[in-house]
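Heads up: the structure comes next, in structure tokens.
The values are calculated or read from the model by the stated rules, or taken from the named source; none is laboratory data. Being a predicted model, the structure only gives us computed values, none of them experimental. Note: ideal-geometry Cβ built from the backbone for every residue, glycine included; neighbour counts use all protein chains shown. Heavy atoms of the whole protein, side chains included, go into the accessibility calculation; ligands, DNA and RNA do not. Shrake-Rupley method; radii C 1.70, N 1.55, O 1.52, S 1.80 Å.
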Number of protein chains: 2
Amino acid sequence: MIGIFDSGVGGMTVAKAIEKTLPEYRLVYFGDLARTPYGSKSPETIIRYARENTEFLISKGAKLIIIACNSAASVATETLKEEFDLPIFEVISPAIKKAVATSKTGRIGIIGTRATITSGVYEKKIRKQNSSFKVYSTPCPLLVPLVEEGWFEKRETKMILRRYLHPLKLKQVDSLVLGCTHYPLLKDLIRPRIGKRVKVIDSSEEVAADLKSYLREHSSFAKELTQNGRHHYYVSDITYTAHSIAQRIFGREIQLNKTTYAPQSGEVKSEK
Amino acid sequence: MIGIFDSGVGGMTVAKAIEKTLPEYRLVYFGDLARTPYGSKSPETIIRYARENTEFLISKGAKLIIIACNSAASVATETLKEEFDLPIFEVISPAIKKAVATSKTGRIGIIGTRATITSGVYEKKIRKQNSSFKVYSTPCPLLVPLVEEGWFEKRETKMILRRYLHPLKLKQVDSLVLGCTHYPLLKDLIRPRIGKRVKVIDSSEEVAADLKSYLREHSSFAKELTQNGRHHYYVSDITYTAHSIAQRIFGREIQLNKTTYAPQSGEVKSEK
């Protein structure tokens with residue numbers, strides 16, 4: 001089973017892309033809606049959550065993990081790779097590979113949550129591949145709440161997008177990485193505002209393509225992954241807008257199963 | 001010690017009001033920034049968090065609890081009163097008392113998070129006091145993220161406020177309850193948009209006044225509350241904007257102590 005986790009339901013854009021690219025595999029998804037969002041939280045807290053989510057997915061039969069949350073991918077990938085003995089994919093590297101391959105001017109823009117942008121992970125990874133590349137990034141903390149509210153048609157959403165994208169437009173980037181799994185839902189609003197000649201890179205599609213080649217190269221491992229039955233979608237809370245966002249992403253009704261992390265009452269560690 | 005909890009640092013508006021009204025008492029504050037916000041989460045999850053926060057404050061010496069989060073006050077007050085044997089205050093009842101006392105036309109507006117508004121608690125409580133009162137409410141889910149971003153001067157914030165307040169204005173309310181502890185930070189933007197003749201009711205001031213009369217009436221209990229030393233501010237995460245919001249509320253530097261609720265790894269309860 002392919003395990004996928006995100007801070008909420010945004011990561012379902014990744015599940016959707018994988019389902020489309022690799023329809024023969026079974027997925028188990030976990031969305032941490034009880035603690036969402038991750039993007040404004042500290043690296044230390046996000047790492048703790050990522051570890052717990054991975055343990056949960058393994059307990060449900062996952063043999064491979066996809067970190068479908070850019071904030072978690074930014075700060076927790078290395079820790080998870082050290083601590084868990086199974087293949088770990090994340091949404092950042094495939095998007096970077098694509099951006100480096102397609103950019104002609106070497107000017108790449110990144111948008112994401114505060115955790116993702118502050119981590120500087122995109123910049124470091126891109127410049128490691130090609131130190132002449134210029135990377136411009138902007139945190140866009142209001143986009144997730146706007147998506148969660150379903151404000152796709154509102155004038156304020158368009159104004160806020162313009163405000164966030166304006167500095168990147170001035171820098172004349174020729175590629176823009178959507179560094180948050182909620183953002184593909186805003187793709188149609190982003191494209192005209194960043195400019196039609198800018199290539200918009202959607203990490204969910206890139207990670208699905210990457211996973212496909214990995215499974216082709218590791219055919220005996222690929223056989224181990226259960227290849228039939230239905231997908232399972234777990235969430236740690238059923239929030240007001242969860243169903244409608246899930247439905248918007250998949251274009252069909254999705255059954256969300258609630259699961260609870262139960263912290264031991266009184267189990268409080270205090271650090272001063 | 002007076003214990004106060006909130007989903008984040010917004011509840012510090014309540015701590016600030018109590019500090020001003022009752023400077024002789026010592027406070028212990030807990031802001032659950034690792035799981036913030038509560039307003040979009042389900043009642044069941046919010047109740048679980050409220051219980052844990054109360055246990056934490058008691059472990060730090062609290063003899064009285066103030067629920068300084070409208071979302072938690074809306075859905076968790078009864079449970080906490082049943083489960084804990086100490087006085088429990090919350091931000092809703094005092095604001096309602098004030099609104100009912102000051103409204104002349106009997107038309108009251110309420111703004112808050114989705115959890116607060118969906119709970120219908122304000123309407124129920126107001127109409128219990130006077131069934132001829134009309135209560136109009138609007139969930140304003142984007143206001144917390146806008147405050148957290150510090151977007152106090154931005155045009156988008158003003159437009160979003162106007163959009164949220166417009167239906168209440170049409171209903172000609174003469175009192176508006178700020179049903180979320182973040183909203184007092186937007187008071188200066190709310191006043192001209194709802195209309196100058198509308199009385200804006202800030203729960204933090206009302207709960208402080210209410211607590212003051214309670215302590216006057218229960219003087220032997222009041223003596224038990226520690227009356228010297230300094231206040232303690234605990235948070236479950238230090239997020240990017242926590243310090244700046246705390247500082248904006250208090251008008252001075254606030255030392256935030258990080259504390260961690262440690263869920264047992266693998267301790268996962270699954271409900272289908």
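Summed over segment A:43-59, the residues that are open to solvent by 10 Å² or more (accessible area, probe 1.4 Å), within 11 Å of chain B (Cβ to nearest Cβ), within 17 Å of B:T239 (Cα to Cα) and of a type outside the set (D, E) give a count of 2.
All told, A:T226 meets the bar of being more than 10 Å from chain B (Cβ to nearest Cβ), surrounded by 12 or more Cβ atoms within 10 Å (Cβ to Cβ), at pLDDT below 90 and out of contact with any Pro (no Cβ under 6 Å at 6 or more places or on another chain).
Restricting segment B:128-138 to residues that are at pLDDT 95 or above and open to solvent by less than 60 Å² (accessible area, probe 1.4 Å), the residue that is nearest to the other protein chains (Cβ to nearest Cβ) is B:T138.
Quick check on this structure: which one of B:T239, B:T259 is buried (at least 16 other Cβ atoms within 10 Å of the Cβ), out of contact with any Cys (no Cβ under 9 Å at 6 or more places or on another chain) and not in a loop (DSSP other than H, G, I, E, B)?
B:T259
Every residue, every condition in (1) open to solvent by less than 20 Å² (accessible area, probe 1.4 Å); (2) assigned by TED's automatic domain parsing to the domain that holds A:V147, yes or no:
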{"site": "A:L168", "(1), (2)": "yes, yes"}
{"site": "A:K171", "(1), (2)": "no, yes"}
{"site": "A:L176", "(1), (2)": "yes, yes"}
{"site": "A:C180", "(1), (2)": "yes, yes"}
{"site": "A:I194", "(1), (2)": "yes, yes"}
{"site": "A:L211", "(1), (2)": "yes, no"}
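Do we have any residue at all in segment A:139-146 that's at pLDDT 95 or above, more than 10 Å from every other protein chain (Cβ to nearest Cβ) and open to solvent by 30 Å² or more (accessible area, probe 1.4 Å)? Looking through segment A:139-146, none of the residues is at pLDDT 95 or above, more than 10 Å from every other protein chain (Cβ to nearest Cβ) and open to solvent by 30 Å² or more (accessible area, probe 1.4 Å). Within segment B:32-56, the set of residues being part of a loop (DSSP other than H, G, I, E, B) and among the charged types (D, E, K, R) comprises B:D32, B:R35, B:K41.
B:L57 meets the conditions (1) over 18 Å from the mean Cα position of the chain (by Cα); (2) assigned by TED's automatic domain parsing to the domain that holds B:L215 in every case but one. The failed one is (1). Taken over segment B:60-116, the criterion of being within 11 Å of the chain's Cα centre (by Cα), open to solvent by 10 Å² or more (accessible area, probe 1.4 Å) and β-branched (V, I, T) is satisfied by B:T113 alone.
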